[in-house]
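Inspection log for the structure reproduced underneath, given as structure tokens.
The values are calculated or read from the model by the stated rules, or taken from the named source; none is laboratory data. Computed from a prediction, not measured in an experiment: that's the story for all the values here. Here Cβ is always computed from backbone atoms with ideal geometry, including for glycine, and neighbour counts include all displayed protein chains. Heavy atoms of the whole protein, side chains included, go into the accessibility calculation; ligands, DNA and RNA do not. Shrake-Rupley method; radii C 1.70, N 1.55, O 1.52, S 1.80 Å.
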Amino acid sequence: MKIGIVGLGLIGGSMGLDFRSHQHTVLGVSRQQTTCEQAIARGVVDEASPDLSLLAAADVIFLCTPLHALAATTAALVPYLSTATILTDVGSVKQPIVEAIEPQWSNFVGGHPMAGTTESGLDAAQPDLFVNRAYVLTPTEATPAESLETVAHLARSLQSQVYYCQPAEHDRAVAWISHLPVMVSASLIAACQSELDPDVLNLAQTFASSGFRDTSRVGGGNPELGLMMAQYNRPCLVRSLQAYRSQLNQIIECVEGEKWSDLEQLLSQTSRDRPKFVDNLQK
Ligand code: NAP
């Protein structure tokens, strides 16, 4: 199959490495000529160019640009496509993206591979990034069934677990487990940095160990990605942040008021609930 990828960064570059290793021909488009040259040199793509016309020959095109560029990229791409060309995107937010792309190209399948690292750009691309990760597809009534199956098949070939849901359901779910954690983790780093005594701050930075590394990881990642999650998934994120603030208030009340049994009950409950979110993850 000829697979096109627009946006040769962490996600697009990682897909290119995997699809090429499965004997597909990968055609890549990225904004910068130097990225295109590096992508060919690294074996991420067979051919690359900043010119979208390269993708006229592709059977399936993965849109892997930052969220804000997905709709405009589609508009610029449409003149080169034949009706059989399947477009799919990897954006972390689905409802506004599906609503923006579907009217432009009906042979479209919304998607979101739930994999990433704190790095960005082509240098961060790596093989097997999607292995054992969820790959969510968000078809609508307008999505052609055959195209949906083709994208699902390609996602499974990355060794991802494919799930289906509506775009709006996706956005509510990822607000809880992906977008809220970025804001919580960023708040943790900012709160620690607010220590006024430079000696104590220095000690805290020196003592920070694996617990802090784990809880601060997603708040210390690509700022552009966090900003776009907030801009594109605003109502769902605000709802999750408000729920989180209310939980924090409850904990403050417990600690300030020395309500140790209430706190113990809350922590016992969270200890029982955590596996419901993480037990499906294979390390
Ligand atoms: P990234 O590493 O920054 O890669 C995106 C690349 O796209 C950039 O390196 C840039 O390459 C290129 N680009 C930017 N604007 C472009 C344009 N208008 N036309 C063509 N290429 C353009 O970002 P990413 O983390 O891979 O994220 C890409 C998409 O994946 C986003 O929509 C995001 O929501 C989604 N996603 C991200 C993650 C994650 O954890 N990172 C996970 C799942 C899904 P050059 O400027 O070097 O050419």
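Of interest is the spacing of the C-alpha centroids, which for the stretch 135-159 and the stretch 254-270 amounts to 45 Å. A Cβ-based charge dipole, computed about the Cα centre of the stretch 65-153 with Lys and Arg at +1 and Asp and Glu at -1, lands at about 60 debye.
The charge dipole of the chain, taken about its Cα centre with unit charges on the Cβ atoms of Lys, Arg (+1), Asp and Glu (-1) only, comes to about 280 debye.
Using only side-chain charges placed at the Cβ, +1 for Lys and Arg and -1 for Asp and Glu, the dipole size of the stretch 193-283 relative to its Cα centre rounds to 620 debye.
Per residue, the stretch 209-256 exposes 69 Å² of solvent-accessible protein surface, assessed with a 1.4 angstrom probe and all protein chains in place. Taken one residue at a time, the phi angles of the stretch 118-134 give Karplus couplings (6.51, -1.76, 1.60, θ = phi - 60°) of 7, 8, 9, x, 4, 4, 7, 4, 8, x, 6, 4, 9, 4, 6, 9, 6 Hz. Gly and Pro are set to x.
So for the stretch 161-283, what percent of the C-alpha to C-alpha distances run longer than 19 Å?
On the way: 4684 of 7503 pairs.
Distances greater than 19 Å cover 62 percent of the Cα pairs.
Computed over all pairs of different Cα atoms, the Kirkwood value for the hydrodynamic radius of the stretch 2-165 is 15.3 Å. So the label point goes 7 Å from the Cα of Ala134 along Cα→C-beta, right? Which residues of the stretch 237-279 then have their backbone N under 15 Å from it? Hits in the stretch 237-279 for Ala134 at 15 Å: 274-279.
Cα extents for the chain along the principal axes, largest to smallest and rounded to whole angstrom: 67, 43, 31.
For the stretch 2-165, the solvent-accessible area with a 1.4 angstrom probe is 41 square angstrom per residue. Calculate the length of the line joining the C-alpha centroid of the stretch 161-192 to that of the stretch 1-68, in whole Å. Measuring centre to centre over Cα atoms gives 27 Å.
Accessible surface of the stretch 13-92, 1.4 Å probe: 51 percent of it comes from carbon and sulfur atoms.
Backbone geometry of the stretch 241-257 corresponds, through the Karplus equation with coefficients 6.51, -1.76 and 1.60 at θ = phi - 60°, to 3J(HN,Hα) couplings of 5, 5, 5, 5, 4, 5, 5, 4, 4, 4, 5, 4, 4, 4, 6, 4, x Hz, x marking Gly and Pro.
Could you tell me which of rounded, prolate or oblate describes the stretch 144-184, using a ≥ b ≥ c as the square roots of the eigenvalues of the alpha-carbon gyration tensor, with rounded for a/c under 1.5 and, failing that, prolate when a/b is larger than b/c and oblate otherwise? Present the calculation step by step, with values, prior to reporting the outcome.
On the way: a/c = 4.31, a/b = 1.92, b/c = 2.25.
Oblate.
Toward the positive end of the charge dipole of the stretch 1-152, with +1 on the Cβ of Lys and Arg and -1 on the Cβ of Asp and Glu, the farthest Cα among Thr143, Thr73, Gly13 is that of Gly13. Largest GNM mean-square fluctuation across Thr270, Thr34, Thr88, computed for the chain with C-alpha springs under 10 Å, falls on Thr270.
Listed highest first by mean packing, meaning other Cβ atoms within 10 Å per residue, what order do 121-130, 174-183, 188-197 come in?
On the way: 121-130: 17.6, 174-183: 19.6, 188-197: 10.9.
My ranking of the peptides, most packed first, is 174-183, 121-130, 188-197.
The GluC sites (Glu not before Pro) of the stretch 215-271 meeting both criteria, a DSSP state outside H, G, I, E and B (loop) and at most 10 other C-beta atoms within 10 angstrom of the site's C-beta, are Glu258.
Rg and Dmax over the alpha-carbon atoms of the stretch 46-107 stand at 11.1, 32 Å. Amide H contacts of Gly4: Leu27, Asp59, Val60, Ile61, Phe62, each under 5 Å away and 5 or more positions distant or on a separate chain (H built 1.01 Å from N in the peptide plane; Pro and chain starts excluded).
What's the local net charge at Gly28, with K and R +1, D and E -1, over the other residues with C-beta under 9 Å away?
Details: positive: none; negative: Asp46, Glu47.
Net of charged neighbours comes to -2.
Along the axis of the charge dipole computed for the stretch 161-239 (Cβ charges of +1 for Lys and Arg, -1 for Asp and Glu, origin at the Cα centre), the listed residues Gly221, Thr206, Cys192 are led at the positive end by Gly221.
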